[in-house]
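Novice: Once you've had a glance at the structure underneath, I'll fire off some questions.
The values are calculated or read from the model by the stated rules, or taken from the named source; none is laboratory data. Model, not experiment: these values are computed from the prediction. Because the Cβ atoms are built from the backbone with ideal geometry, glycine has one as well, and the counts that use them run over all protein chains shown. SASA here: full protein model, heavy atoms, side chains in, ligands and nucleic acids out. Shrake-Rupley method; radii C 1.70, N 1.55, O 1.52, S 1.80 Å.
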Amino acid sequence: MATHHAVHVKSAGQPLELVQVVTESPAAGHVRIAVNACGVCGTDHAFVNGAFPNLTWPLTPGHEIAGTVAEVGSGVDGFAVGDRVAVGWFGGNCNKCLPCRKGQFMQCVNGQIPSWHYPGGYAESVTVPATAIARIPDGLSFAEAAPMGCAGVTTYNALRTTAAVAGDRVAVLGLGGLGHLGVQWARAMGFETIAIARGAGKAQDAKELGAHHYIDSTAGDVAAALQALGGAQVVLATAANSAAMAATVGGLAPQGELVIVGATFDPLPITPGDLIFGNYSVIGHPSGTSADIEDTMHFAVLSGVRARIEERPLAQAAEAYAAMDEGRARYRMVLTT
């Protein structure tokens, strides 16, 4: 009987433990991936602490997965053993429900997310629906590809679906795991890029990542600072802070968009009057499909955009998770096998 190592969380809030589990062959429509790398995402906190409904325990976290196809289930076309692939937050869709029939795959009624609907990527092996798989281009290593499945695609896909065009001012709120990629994408897409974060200490990092301007949100009125630059056509809100998001609205240019990717369930302190006179939009943006992840990785190769990562072996998953959870990680922790 074949086995592999995986990280288990026995119940909500319990420690991350490395255990041996049985390696199952993939069912029809699925593939098994030998995991080479898995990013540690801030959302993993919600899984480890039982914040999502209907979780199955023990739980294996991880939804920024990169590796090699090890086995292919029946009925899977287009993928073969040895293919380099990635899986992100988008962990598969049914292609049968009404949203899928309309092409709204991120809103699939039966959509799946690794670690929620099946064991995630803090493991040496993971089995996923074939619809979840994205091909990794030759120009990316496994460790570079892993964060593109969530942090990368979320920010890239959000920016490319706005109304902003090259030369427009685009601000990125937050300079963490998502935001440091958002700044790089914005610069690579030809936007006049503004980074907004807490404290003067992040100004140098922001400039190195490609920001033309830096706004310290602790130093004064963020909206006024944005307007002093001419107003932002788009604010990409990666920081999961509702008050900080709302503080940018007055800094939008006419018909500007506040695009929210930082997940928080605190109410947004915005009034209809805040939106009406500037004809502003507030948009919630989910991650992206497997095809979107492929686009993200392709653009990363073309542009040179990469996540800033710290690699740790799978055996140190608990330490890597703690570093992320406690804010000690510098942008993105990636577990490697």
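Novice: Using only Cα atoms, tell me the angle between helix 290-303 and the longest principal axis of the chain; keep it within 0 to 90° and round to the nearest 10.
Specialist: Approximately 60 degrees, to the nearest 10.
Novice: P(r) of the range 150-267 in 10 Å steps, Cα pairs, percent per bin?
Specialist: Values per bin, smallest distances first: 16, 55, 28, 1.
Novice: May I pose another question? What's the carbon and sulfur percent of the chain's accessible surface, probe 1.4 angstrom, rounded to a whole number? Please list the in-between numbers first.
Specialist: Numbers: 7280 of 14080 Å².
After summing per-atom areas, the C and S share lands at 52 percent.
Novice: Okay, moving on. Quick one: angle between helix 179-188 and the longest Cα principal axis of the chain, in degrees between 0 and 90, rounded to 10, please.
Specialist: That works out to roughly 70 degrees.
Novice: Can you tell me the length gained on complete extension of the stretch Trp57 to Ala200, counting 0.36 nm per residue apart and subtracting the Cα distance? Could you put the intermediate results ahead of the total?
Specialist: Details: separation 143, 0.36 × 143 = 51.48 nm, distance 4.25 nm.
Result: 47.2 nm gained on full extension.
Novice: Please give me, ordered by residue number, the trypsin sites (Lys or Arg not before Pro) of the range 69-156 that lie in loop per DSSP and have at most 12 other Cβ atoms within 10 Å. Kindly include the intermediate steps, with their values, before the conclusion.
Specialist: Details: sites: Arg84, Lys96, Arg101, Lys102, Arg135; in loops: Lys96, Lys102.
For trypsin sites (Lys or Arg not before Pro) across the range 69-156 that sit outside H, G, I, E and B with at most 12 neighbouring Cβ atoms in 10 Å, the list reads Lys96, Lys102.
Novice: If you wrap a convex hull around the alpha carbons of the chain, what volume per residue comes out, as a whole number of Å³? Provide the component values of the computation, followed by the final result.
Specialist: On the way: hull volume 44.5 nm³, N = 337.
Convex hull volume per residue, Cα atoms: 132 Å³.
Novice: In whole Å, how far is the Cα centre of the range 298-337 from that of the range 141-220?
Specialist: The range 298-337 and the range 141-220 have Cα centres spaced 17 Å from each other.
Novice: Is the range 134-209 best put as rounded, prolate or oblate by its Cα gyration tensor, with a ≥ b ≥ c the root eigenvalues, rounded for a/c under 1.5, and otherwise prolate when a/b is larger than b/c, oblate when not?
Specialist: Values: a/c = 2.10, a/b = 1.33, b/c = 1.58.
Oblate is the answer for the range 134-209, as a/c is 1.5 or above yet b/c matches or exceeds a/b.
Novice: For the chain, take the longest principal axis of its alpha carbons; what is the angle in degrees between that and the long axis of helix 151-160, to the nearest 10 within 0 to 90?
Specialist: 50 degrees
Novice: Whose amide H sits under 5 Å from the amide H of Met333, counting only residues 5 or more places off or on another chain, with H placed in the peptide plane?
Specialist: The answer is Val40, Glu310.
Novice: Rounded to the nearest 0.05, what FRET efficiency do Val165 and Met1 have when you use their Cβ-Cβ distance and R0 = 51 Å?
Specialist: Numbers: r = 57 Å, r/R0 = 1.12.
The computed FRET efficiency comes out at 0.35.
Novice: Still on this structure: If I model a spin label as a point 7 Å beyond the Cα along the Cα-Cβ vector, how far apart are those points for Ile276 and Ala46 in nm?
Specialist: In this crude spin-label approximation the distance works out to 3.2 nm.
Novice: Calculate the spin-label point distance for Glu311 paired with Phe265, positioning each point 7 Å from the Cα along the beta-carbon direction, and give it in nanometres.
Specialist: Modelled inter-label distance: 3.7 nm.
Novice: Is the range 1-68 best put as rounded, prolate or oblate by its Cα gyration tensor, with a ≥ b ≥ c the root eigenvalues, rounded for a/c under 1.5, and otherwise prolate when a/b is larger than b/c, oblate when not?
Specialist: Working: a/c = 1.69, a/b = 1.50, b/c = 1.13.
Prolate is the answer for the range 1-68, as a/c is 1.5 or above and a/b outweighs b/c.
Novice: Okay, moving on. If you stretched the chain out fully between Asp221 and Lys207, how much longer would it get, using 0.36 nm times the residue separation minus the C-alpha to C-alpha distance?
Specialist: Numbers: separation 14, 0.36 × 14 = 5.04 nm, distance 2.07 nm.
Length gained between Asp221 and Lys207: 3.0 nm.
Novice: Now, a different point. Once you order the gyration tensor axes a ≥ b ≥ c over the Cα atoms, which shape class does the range 1-133 get: rounded for a/c under 1.5, otherwise prolate or oblate by comparing a/b with b/c? Let's see the in-between values first.
Specialist: Values: a/c = 1.91, a/b = 1.15, b/c = 1.66.
Taking the square roots of the gyration eigenvalues as a ≥ b ≥ c, the range 1-133 is oblate.
Novice: Please sort 229-237, 263-271, 44-52 by packing, taking for each peptide the average over its residues of neighbouring beta carbons within 10 angstrom, highest first.
Specialist: On the way: 229-237: 24.1, 263-271: 12.1, 44-52: 17.0.
For the peptides 229-237, 263-271, 44-52, the packing ranking is 229-237, 44-52, 263-271.
Novice: Give me the 1.4 Å probe accessible area per residue for the chain, excluding ligands and nucleic acids, in Å². Let's see the in-between values first.
Specialist: On the way: 14080 Å² over 337 residues.
About 42 Å² of surface per residue is accessible.
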